[in-house]
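Here is the structure we will look at, set down as structure tokens.
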Amino acid sequence: MLIISIYGDRIAIPGIFIFNQSHAVFTSLYLATRLAVAAPATTHESLMIDTVDLRAILWSFLLGYLLPMFIMGLPGLSISNLSTKHIVASLYQQWNLYISLFHVLLVRWWSHTGTMDKQRNEGSVSLLSTSRPVYAFAFAMAVASIWIPVLLSFAVRILQKIRKSPSSGRKNLELANIFIPPSPWGQMKCKDAFEGGKWLLQWDGIIGGLSSAVWAIALYAEARSVIEPQEELGLLCRRLLWYMILGGPIGVATGVLWERDMLVLQQS
């Protein structure tokens, strides 16, 4: 969800690189480059964007990301002995293009019809109120990615105990097995392609998520050092800990970016 910080019509190219070069590799390089070359966002003007673009981000993610994911999760149907589930799963991989396409279409439609004209560029207060649901959506997605697997793991284990069913496959639902991959420097070998792919995705999420969190904390620190340099480190660490518990590294990135925006836009 770090793409929530990029305009919808600009996510196609980063999204393609994330898909082809992995989230861990490209996200880390991309965010490091932005930290190195981008000017610090410490003024109202540096954060002001068109309200139409901001409102379209949420809908473009719902239509271009969540809707295809929902369709991919439906039971598979067969047409001419070909599973549509595999077709949808393969098409879903280009989610970045769908998000970008929906975003461009929504912005042009709303701009053409004048749907958002009365709400455009109304200042920092309007920007904060408009961006709040976008950040809330991003944070909810981060929370869901952490806690849905946790709750499912506990639910399945409780049902197995109640029904006294065999514990075959129970290891796959253990929290350590879901979230913690083996060390790449260890001697453990994957037993099949599924396990190898799972380990790859786990490390992909960990490295990409942590790089996003570091990037967001750096942006927050830049703004804080200019606007209100006095802040107790313990308070910040406690907030970061809560963000991590609730939404993992992406929860940290989302929460800290929202705090940065409030800090900058609410300054007198």
- Item | Among the residues listed as Ala176, Ala216, the single one being exposed (fewer than 13 other Cβ atoms within 10 Å of the Cβ) and either out of contact with any Ser or Thr (no Cβ under 7 Å at 6 or more places or on another chain) or farther than 26 Å from Leu29 by Cβ (or both) | Ala176
- Qualifying positions in the range 196-236 - charged (D, E, K, R) and either in contact (Cβ under 8 Å) with a residue 12 or more places away in the chain or within 26 Å of Ile178 (Cα to Cα) (or both): Lys198, Asp204, Glu222, Arg224, Glu228
- Residue count, the range 185-211 (criterion: among the acidic types (Asp, Glu) and surrounded by fewer than 17 Cβ atoms within 10 Å (Cβ to Cβ)): 2
- Item | So Leu58, is it under 24 Å from Gly209 (Cβ atoms) and touching a Phe, Trp or Tyr at 6+ places or on another chain (Cβ under 8 Å) | yes
- Given the structure, is Ala32 under 28 Å from Ser225 (Cβ atoms), surrounded by fewer than 16 Cβ atoms within 10 Å (Cβ to Cβ) and modelled with pLDDT of 85 or more? yes
- Selected residue (only one of Ala193, Ala216, Ala221 is among the aliphatic types (A, V, I, L, M) and modelled with pLDDT under 85): Ala193
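The values are calculated or read from the model by the stated rules, or taken from the named source; none is laboratory data. Model, not experiment: these values are computed from the prediction. Because the Cβ atoms are built from the backbone with ideal geometry, glycine has one as well, and the counts that use them run over all protein chains shown.
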